[in-house]
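To start, the structure under review is shown below, and the notes come after it.
The values are calculated or read from the model by the stated rules, or taken from the named source; none is laboratory data. None of these values were measured; they are calculated from a predicted model. Please note: Cβ atoms are built from the backbone with ideal geometry, for glycine as well, and neighbour counts cover all protein chains shown.
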Amino acid sequence: MDDEAQFEVFTRILRRFEREGVLQHVMLIGSWCLRIYRSALTGARSLPAMRTLDADFLIPNQRLIKRDVDVPALLQEMGFTQTLYSTSSWVVYDHPELRGRVPHPGVG
Amino acid sequence: MAIEAVLKEELERLREAEKSYRKEIGALPKGSIQRKRIKGKVYLYLAFREGKKVVSRYLGPPSQDLEKLSGEIERRRKQQQMLRDVQRNMIRIQRMVYGRRSAV
């Protein structure tokens, strides 16, 4: 659990979202925002480094996304492996540094 | 202690990831593709290790199927690196939680 290595994988995901044209349609919420602030803002080192293991994204308005993006394929290209297939709502992908959860196809 | 619980949760996550990477690697082809030029034409061979020996198996001239095989071999190599990273992280966390001597 190396903070820098974890953050590097996370920013690679964000850059990939940007290349796919969807970054502007997603909103990062939760404790990972603080990690971004620590990195992006001077004087923000006093913000706590603790955060949850999951980074959560909200899609405020799905209808604005005009192209299909295969997020599972994108994660697998980045070295994630599918570890759990929950029959409820989520498919789980793991990387040495991070976990990603994607809604089950058909759920959202 | 909250931090210990988080570390144990991360350790469990890494164990799941290790299983999954091993399974994925097991399903992908081993070896590397070698190109040989014979009398001006290119032929492909799959080189892999069987025990102590290195075996070279003839695949044929370049084709789309062989491009796909090449992609799968490359993926195996990348996932093997991911597996090593997972195992390295597991050792680090086991030491944090259980101390150096008890790390399994």
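The single condition among (1) of a type in the set (A, V, I, L, M); (2) more than 26 Å from A:LEU75 (Cβ to Cβ); (3) assigned to a helix (DSSP H, G or I) that B:MET82 does not satisfy is (2).
Just checking, does region B:19-35 include any residue being outside any strand (DSSP E or B), exposed (fewer than 11 other Cβ atoms within 10 Å of the Cβ) and within 13 Å of another protein chain (Cβ to nearest Cβ)? Yes, because at least one residue in region B:19-35 is outside any strand (DSSP E or B), exposed (fewer than 11 other Cβ atoms within 10 Å of the Cβ) and within 13 Å of another protein chain (Cβ to nearest Cβ). Among the residues making up region B:82-98, those that are more than 9 Å from chain A (Cβ to nearest Cβ) and either under 15 Å from A:ARG99 (Cβ atoms) or among the aliphatic types (A, V, I, L, M) (or both) are B:MET90, B:ILE91, B:VAL97. One residue alone among B:GLU50, B:GLU24, B:GLU10, B:GLU67 is in contact with a Ser or Thr (Cβ under 6 Å, 6 or more places away or on another chain) and not polar (S, T, N, Q), and that residue is B:GLU24.
Only residues that are among the polar types (S, T, N, Q) and closer than 28 Å to A:LEU74 by Cβ were counted across region B:21-62, and they come to 1.
Residues checked against (1) away from chain B (no Cβ under 14 Å); (2) at pLDDT 85 or above; (3) exposed (fewer than 12 other Cβ atoms within 10 Å of the Cβ):
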residue	(1), (2), (3)
A:GLU20	yes, yes, no
A:LEU23	yes, yes, no
A:ARG38	yes, no, no
A:ALA44	yes, no, no
A:PRO48	no, no, yes
A:THR52	no, no, yes
A:LEU58	yes, no, yes
A:ASP68	yes, no, yes
A:LEU74	yes, yes, no
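For the residues B:GLU67, B:GLU4, the requirement of being over 30 Å from A:LEU98 (Cβ atoms), part of a helix (DSSP H, G or I), of a type in the set (Asp, Glu) and more than 10 Å from chain A (Cβ to nearest Cβ) singles out B:GLU67. A count restricted to region B:77-88 and to residues that are farther than 25 Å from B:ARG100 by Cα and surrounded by fewer than 17 Cβ atoms within 10 Å (Cβ to Cβ) stands at 3. Annotation for region A:71-90: no member residue is in contact with a helix residue (DSSP H, G or I) (Cβ under 9 Å, 6 or more places away or on another chain) and over 25 Å from B:ASN89 (Cβ atoms).
How about region A:76-102: which of its residues are under 12 Å from the mean Cα position of the chain (by Cα), more than 9 Å from chain B (Cβ to nearest Cβ) and charged (D, E, K, R)? Of everything in region A:76-102, just one residue is under 12 Å from the mean Cα position of the chain (by Cα), more than 9 Å from chain B (Cβ to nearest Cβ) and charged (D, E, K, R), namely A:ARG101.
A search for C-beta distances below 8 Å between a residue of region B:20-31 that is touching a residue at least 40 places away in the same chain (Cβ under 8 Å) and any residue that is of a type in the set (Lys, Arg), counting only pairs 6+ apart in sequence or on different chains, returns B:ILE25/B:ARG76; B:LEU28/B:ARG75; B:LEU28/B:ARG76; B:PRO29/B:ARG76; B:LYS30/B:ARG49; B:LYS30/B:ARG76; B:GLY31/B:ARG49.
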